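Note sheet for the following structure.
The values are calculated or read from the model by the stated rules, or taken from the named source; none is laboratory data. Everything numeric in this text was worked out from a predicted model, so none of it was measured. Please note: Cβ atoms are built from the backbone with ideal geometry, for glycine as well, and neighbour counts cover all protein chains shown.
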Amino acid sequence: MKAATMDSIQAYIEKEIRPAIREDGGELEFVGIAGDVVHVRMAGACATCPSRLRTLRHFIEPQVRAQFGRRWSVTATFAKPYYTP
């Protein structure tokens, strides 16, 4: 298990998790850390996907916990796409 610093968690998300999200048309951005909570922003296909919460709870969060410890949780904001007529 790696030491959990903001830089190490951000690097892990960028290198290991984000590419998998992007394969399905989604986008994942590290926002920051508050206490034991990692904040991310999900956009692209993830913003409107009916499985976005499942992705967060059953893919992203378990990977962060496996890498940095069970005390971590992950929360997300969802950036809705902007459409112009």
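Things worth noting here:
- Search result, residues across region 31-58 that are touching an Asp or Glu at 6+ places or on another chain (Cβ under 6 Å) and under 20 Å from A4 (Cα atoms): R41
- Region 15-38: number of residues that are within 14 Å of V74 (Cβ to Cβ) and touching a Cys at 6+ places or on another chain (Cβ under 8 Å): 2
- Selection status of Q67, more than 19 Å from F78 (Cβ to Cβ) and either touching a residue at least 40 places away in the same chain (Cβ under 8 Å) or among the hydrophobic types (A, V, I, L, M, F, W, C) (or both): yes
- Top-ranked residue of region 68-85 - restricted to ones that are over 15 Å from I13 (Cα atoms) and in a strand (DSSP E or B), ranked as modelled with the highest pLDDT: T77
- Inter-residue pairs, beta-carbon under 7 Å, first over 12 Å from V64 (Cα atoms) and in region 12-36, second part of a strand (DSSP E or B) and among the acidic types (D, E), 6+ apart: I21/E27
- Among the conditions (1) touching a residue at least 40 places away in the same chain (Cβ under 8 Å); (2) surrounded by 16 or more Cβ atoms within 10 Å (Cβ to Cβ); (3) not aromatic (F, W, Y), T77 misses just one, which is (2).
- In region 11-36, the residues that are assigned to a strand (DSSP E or B), surrounded by 12 or more Cβ atoms within 10 Å (Cβ to Cβ) and among the hydrophobic types (A, V, I, L, M, F, W, C): L28, F30, V31, I33
- Any chance A11 is aliphatic (A, V, I, L, M), more than 18 Å from F78 (Cβ to Cβ) and at pLDDT 95 or above: yes
- Residue within region 45-67 that is touching a strand residue (DSSP E or B) at 6+ places or on another chain (Cβ under 9 Å), among the polar types (S, T, N, Q) and at pLDDT below 95 present: yes
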